[in-house]
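Chemist: Structure below; questions to follow.
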Amino acid sequence: MPYQSVPLRVIGGTSQNRSVQANNEITKNWYPEITITGRNKAILLPWYGNVAFGTSPGTTDRGFHVFQGVLYQVSDTTLYSIDSAGAYTSIGTVKGTQRCIFSTSVVGTTIEMVIATGGSVYIYEGSTLALQSFSANTVTYLNSKSIYDGGSNTFSVTGAGGASDITSSGVAESNPDTLLRCYAFGQLCYMFGSETIEPFYDNAAGSPPLVRMSGGIMQKGLGALYSVAETDQFLYFLGDDFNVYQISQTTIAPVSTPAIVTQISQLDAANAVAYTMVIDGQDFYIINFGDDELSYAYSEQTREWLNLSSGVTDGRYSVSSYIRAYDKDIGADYSTGNAIEISRTAYDDLGDTIQRVRQLPPLNSSNLGFGAGQRLLMDKANFILQTGVGIASGQGSDPQIMVQYSKDGEDWSTERWLDIGRMGETLIKVEFQEMVSFYDISFRITVSDPVFCSLHDGSISIKEYGF
């Protein structure tokens, strides 16, 4: 029987099943992009790298905020402004060690930045940073009102005097759970509790001026205080059941797969920190866990999950906070607290290696069209990617990909290095030649050179080989 060429599913996300022999699919530091009218319907593009932006006087990032066009960061116990050249200026003291939740309050001509530190509240109007006499863990803003959680199941609302003028309070009491966070999105204020989410709307005249939408109560609790983040279309959060949820008005739906839920359940989920960012028109929800734990990202457009990491040992993604400022994507380096720029033209992490991995789902005779339980023989596999991507000198001038295969999803073959083309070598053929008999097979592609490397397609040459 002659060899036949059949396609490999090169493009996809992360889906690591509890049974790795069923599926141990991984996409790390690449992301899928739909290219309907192109050569392929979708490709994998390299996740952005990082370059230096500003050196923080502190070492622990506690969060970013843009206030009146200026970037601010709380690092250690100090609030700093950061100018467009990355220079830090100390503003004042913000006590504590927890992450900060920021809000901008606009009441008439009064514009204030509010910082909630997990207890203490600070207000900065552009010249003086002042500790407030009241306390709150979180803050949000809706229609000229600052809204604070007040402990237990109560919340407080400010009036015409600005972010420090608390004039009324209310309760989120549909369920006797603890109110953890108030978050305004799409003209509703969501009261995230430990067991339920209660949406409130602004009726302006009442006391408090927020009224619960009784028919909109959601029977899900907030699993991590700092996991709430928004895109233009949806609100996301990590639930108390390890699912990631998407909210639109009063509709809630999980976006995590069973495989992702299993992975998250094994991590430090309660201390997860999330944010959203836009890359090449795609909205991503990014959630970080502990120091040595892979980070996860969800694409709103492709609905795929992927892993993000730094270095070559599967450590967490290095960006602990993110914000758009000065027409740049600005992040905070988790290890140093420094401000960094997340750049589409950078293919390393401040000079350190970014390891990109695509681990394909398993193939067998059934899903290759040969009938169930057949033994197959492979003589080669071809990988289609952008070639001739080498840089002028140094690492990456002669770029390569590393290819391995596994017949059980756990044990991997010795790596083989394949050239993907020096600068200008665009017609190079990337072919993995090896005779392998198998019942199931999967491939792993790894790139560590600091070059643009996009994966497009692949195929495997096989024939039946008895039982």
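Chemist: Once all Cα-Cα distances of segment 75-137 are split into 10 Å bins that start at 0, what whole-number percent is in each one?
Modeler: Taking all Cα pairs of segment 75-137, the binned fractions are 21, 53, 24, 2 percent.
Chemist: Using only alpha-carbon positions, what ratio does the radius of gyration of segment 312-467 give when scaled by 2.2 N^0.38 Å?
Modeler: For segment 312-467, the normalised Cα radius of gyration is 1.28.
Chemist: Where in segment 142-160 does the amide nitrogen come within less than 14 Å of the point 7 Å from the Cα of Thr110, taken along Cα to Cβ?
Modeler: 144-147, 157-160
Chemist: Among 294-300, 231-237, 406-412, how do they line up from the highest to the lowest mean number of other beta-carbon atoms within 10 Å?
Modeler: 294-300, 231-237, 406-412
Chemist: While we're looking at this one, here's another question. Have a look at Ser461, Asn307, Thr55 and report the one farthest towards the positive end of the charge dipole of the chain, computed about the Cα centre with Cβ charges (Lys/Arg +1, Asp/Glu -1).
Modeler: Ser461
Chemist: Quick one: which residues, 5+ away or cross-chain, put their amide H under 5 Å from the amide H of Gly239? H built at 1.01 Å from N.
Modeler: Correct list: Gly223, Val244, Tyr245.
Chemist: Output needed for segment 377-467: three equivalent-ellipsoid semi-axes, defined as square roots of 5 times the C-alpha gyration tensor eigenvalues, in descending order, whole Å.
Modeler: Those come to 28, 14, 9 Å.
Chemist: Efficiency by 1/(1 + (r/R0)^6): what FRET value for Asn367 and Thr345, r their Cβ-Cβ distance, R0 = 35 Å, to the nearest 0.05?
Modeler: The value I calculate is 0.35.
Chemist: Show the residues, 5+ positions off or on another chain, whose built amide H is closer than 5 Å to the amide H of Arg375.
Modeler: It is Tyr465, Gly466, by chain and number.
Chemist: Could you give the alpha-carbon Rg of segment 1-47 over 2.2 N^0.38 Å, rounded to two decimals?
Modeler: So segment 1-47 has a normalised radius of gyration of 1.46.
Chemist: While we're looking at this one, here's another question. Give, as ranges by residue number, the residues of segment 388-405 whose backbone N falls under 20 Å from the point 7 Å along Cα→Cβ of Asp280.
Modeler: Of the residues in segment 388-405, 388-391, 399-402 have backbone N under 20 Å from the label point off Asp280.
Chemist: As an exercise, use a Förster radius of 41 Å and the Cβ-Cβ distance of Ile34 and Arg416 to find the FRET efficiency, rounded to the nearest 0.05.
Modeler: Plugging the Cβ-Cβ distance into 1/(1 + (r/R0)^6) gives 0.85.
Chemist: Once you list every other residue whose beta carbon is under 11 Å from the beta carbon of Gly162, what net charge do they have if Lys and Arg are +1 and Asp and Glu are -1?
Modeler: -2
Chemist: So what is Rg over Rh here for the chain, counting just Cα atoms and using Kirkwood for Rh?
Modeler: Rounded to two decimals, Rg over Rh is 1.04.
Chemist: Tally Lys and Arg at +1 and Asp and Glu at -1 over the other residues with C-beta under 9 Å from the C-beta of Phe53: what net charge comes out?
Modeler: Residues close to Phe53 contribute a combined charge of 0.
Chemist: Would you work out which of Ile166, Gly223, Ser146 lies farthest towards the positive end of the dipole of the chain, given +1 charges on the beta-carbon of Lys and Arg and -1 on that of Asp and Glu, about the Cα centre?
Modeler: Of the candidates, Gly223 comes out farthest on the positive side.
Chemist: Take the Cα coordinates of segment 215-278, assign each an equal point scatterer, and use the Debye formula without solvent to give log10 I(q)/I(0) at q = 0.16, 0.20, 0.23 Å⁻¹.
Modeler: -0.50, -0.77, -1.00
Chemist: Work out the charge dipole of segment 253-388 with +1 on the Cβ of Lys and Arg and -1 on the Cβ of Asp and Glu about the Cα centre, then indicate which of Ala339, Gln263, Pro361 is farthest towards its positive end.
Modeler: Final value for the positive-end residue is Pro361.
Chemist: I've got another one for you. Nearest 0.05, what FRET efficiency do Tyr3 and Gln266 give at R0 = 51 Å with Cβ-Cβ as r?
Modeler: It comes out at approximately 0.80.
Chemist: Classify segment 169-210 as rounded, prolate or oblate from the Cα gyration tensor: take a ≥ b ≥ c as the square roots of its eigenvalues, call it rounded if a/c is under 1.5, otherwise prolate when a/b beats b/c and oblate if not.
Modeler: The shape class here is oblate.
Chemist: For a quick size check, give me the Cα extents of segment 1-142 along its three principal axes, largest first, whole Å.
Modeler: That works out to 82, 36, 34 Å along the principal axes.
Chemist: Between rounded, prolate and oblate, where does segment 358-423 land on the alpha carbon gyration tensor, with a ≥ b ≥ c its root eigenvalues, rounded for a/c under 1.5, else prolate if a/b exceeds b/c?
Modeler: In terms of gyration-tensor shape, prolate.
Chemist: Sticking with this one: Remind me, what semi-axes does segment 15-90 give for its equivalent ellipsoid, largest first in whole Å, using sqrt of 5 times each Cα gyration tensor eigenvalue?
Modeler: In descending order, the three semi-axes are 39, 20, 11 Å.
Chemist: What size of dipole, in debye to the nearest 20, comes out for the chain about its Cα centre when the only charges are +1 on Lys and Arg C-beta atoms and -1 on Asp and Glu C-beta atoms?
Modeler: 620
Chemist: Could I ask something else about it? Which entries of Lys220/Lys328; Lys407/Lys429; Lys328/Lys429; Lys41/Lys429; Lys220/Lys407 have Cα-Cα distances beyond 31 Å here?
Modeler: Lys220/Lys328; Lys328/Lys429; Lys220/Lys407
Chemist: While we're here: Any idea what the alpha-carbon Rg over 2.2 N^0.38 Å comes to for segment 300-374?
Modeler: Expressed relative to 2.2 N^0.38 Å, the Cα Rg reads 1.63.
Chemist: Rounded to the nearest 500, what is the 222 nm mean residue ellipticity of the chain from helices alone, with -39500 (n - 2.57) per DSSP H run of 4+ residues and division by all residues?
Modeler: -500 deg cm²/dmol
Chemist: May I ask you to sort Met402, Met218, Met435, Met191 by Cβ crowding, counting other Cβ atoms within 10 Å and putting the fewest first?
Modeler: Listing Met402, Met218, Met435, Met191 from fewest to most nearby Cβ atoms yields Met435, Met402, Met218, Met191.
Chemist: Mean separation of Cα pairs under 8 Å and 6+ residues apart, divided by the residue count of the chain: what relative contact order is that in percent?
Modeler: Computed value for the chain: 17 percent relative contact order.
Chemist: Can you tell me the length gained on complete extension of the stretch Ser169 to Ala253, counting 0.36 nm per residue apart and subtracting the Cα distance?
Modeler: Roughly 27.2 nm would be gained on extension.
Chemist: Taking the Cα centre of segment 1-107 as origin, sum charge times position over the Cβ atoms of Lys and Arg (+1) and Asp and Glu (-1), and report the length of that vector in debye to the nearest 20.
Modeler: With only Lys, Arg, Asp and Glu charged at Cβ, the dipole is about 380 debye.
Chemist: Please compute, for the alpha-carbon atoms of segment 59-191, the extent along each of the three principal axes and give them in descending order in Å.
Modeler: 48, 33, 29
Chemist: Next question. Across segment 240-331, how large is the tail of the calculated P(r) beyond 24 Å, expressed as a percent of all Cα pairs?
Modeler: Looking at segment 240-331, the distances longer than 24 Å represent 20 percent of pairs.
Chemist: A follow-up question, please. Once you treat every alpha carbon in segment 141-198 as an equal point and sum by Debye, what is log10 I(q)/I(0) at q = 0.15, 0.19, 0.31 Å⁻¹?
Modeler: Those come out to -0.39, -0.62, -1.25, one per q.
Chemist: Let me test this: with uniform point scatterers at the alpha carbons of segment 136-265, what is the Debye-based log₁₀ I(q)/I(0) at q = 0.09, 0.19 1/Å?
Modeler: Cα-only, vacuum Debye calculation for segment 136-265: -0.24, -1.02.
Chemist: Just add up the charged neighbours of Tyr80: K/R +1, D/E -1, any other residue whose Cβ is under 13 Å from the Cβ of Tyr80.
Modeler: Charge balance in the 13 Å sphere: -2.
All of the numbers you see were taken from the coordinates with simple rules; none came from a lab. Treat the numbers as computed from the prediction; the structure is a model and nothing was measured. Counting neighbours? That spans all protein chains shown, and the Cβs are built from the backbone with ideal geometry, glycine included.
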